[in-house]
1. D for the stretch 169-250, whole µm²/s, Stokes-Einstein with Kirkwood Rh over alpha-carbon pairs at 37 °C and 0.692 mPa s: what number?
2. Chymotrypsin sites (Phe, Trp or Tyr not before Pro), restricted to the stretch 63-131: which are DSSP loop and have at most 15 other Cβ atoms within 10 Å?
3. Modelled label-to-label distance, Ala119 and Asp79, 7 Å Cα→beta-carbon offset: nm?
4. Please give the contour-minus-distance gain from Arg89 to Ser143: 0.36 nm per residue of separation, less the Cα-Cα distance, rounded to one decimal in nm.
5. Roughly speaking, what is the stretch gain from Thr52 to Tyr153, that is 0.36 nm per residue apart minus the C-alpha to C-alpha distance, in nm to one decimal?
6. Can you list the residues, at least 5 places off or on another chain, whose amide H is less than 5 Å from the amide H of Arg178, using H built in the peptide plane?
7. Under the rule of at least 5 residues apart or a separate chain, name every residue whose amide H is placed under 5 Å from the amide H of Tyr171.
8. Grab the Cα-Cα distance for Ser67 and Asn197, subtract it from 0.36 nm times how many residues apart they are, and report the gain in nm with one decimal.
Amino acid sequence: MSHHRCAQPGHPSSRPIHRRPLVRWWRCPAAVLTSLVLATVAASPAAAVPATGVVLGAGSAGAVPGSYLVVLKGDHRLDAATSTELAARHGGTVTRVFDRVLHGFAAQLTETQARRLAADPAVAYVEQDQRVQAMGSQPNPPSWGLDRIDQRYLPLDGTYLFGPSVGVRLYVIDTGIRITHADLGGRALYGYDSVDNDYVAQDGNGHGTFVAGLIAGNVHGVAKTATVIAVRVLNNSGAGTVAGVIAESTGSPVTRSPPPSRT
Ligand SMILES: [Ca+2]
Ligand SMILES: [Ca+2]
């Protein structure tokens, strides 16, 4: 609390004022000015502090300091100029514009700038850039596809470089999987069998096991450390029904006649 001393008619100037301010406010301009300033400051603190949002991946082990990915809402498409304007609005510098896989840009930002950009109405989210590194190398892979899939430009380099896929679960909706197949390395599990209506999705055809091998096989697979889940919707002849596939997809119980055979 502050005490103002004002000269009052008939009172010594050193004597404090104890009258109610609403009655005598015009006789103490210093007190009025102070009150107005305090009222103005108290009324506008929110406008003085920019809004901030959450930055995904901030502080993670692989985070790249000062580098952020900014993804825009909806179908916003930005060219370099408008990306630069949006980043500059929060104090950042655009380093790359994305307009295919996602709509957004990479930018150099401080932590505070990144949080402010995350709260921008045009921004879906901001994520801190992360270091990535290939975890494995397969020299002389057994297929052209494995050699080709890890590189954009030809010629082939005779190697397949692959990243981590531990913890990734891939559902193979097919004829089931022979989960004991050596190439799957014990990373195959039964999910559901809508043909037999049980939980043993064995493969009596071979196609599902072949697909699982392309996905996660030690030798022939792309994601060499992922887990594949067998979902059997096709019988040993490779035939099934749309109803069976839908029932499996929606988790609905399967109660029906055996699917038609091709033979
Ligand atoms: Ca290659
Ligand atoms: Ca079964």
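Laboratory data are not the source of any read-out in this text; all were calculated from the coordinates shown. Every value quoted in this text rests on a predicted model; they were computed, and no experiment measured them. Cβ sites come from the backbone with ideal geometry, for glycine too, and all protein chains shown count toward neighbours.
1. Result for D is 272 µm²/s.
2. Nothing satisfies the criteria.
3. Spacing of the two 7 Å Cα→Cβ label points: 3.2 nm.
4. Stretched fully, the Arg89-Ser143 segment lengthens by 14.5 nm.
5. 32.2 nm
6. Asp203, Thr209
7. Counting only residues 5 or more places away or on other chains, the set is Ile229.
8. Details: separation 130, 0.36 × 130 = 46.80 nm, distance 5.07 nm.
Computed gain between Ser67 and Asn197 is 41.7 nm.
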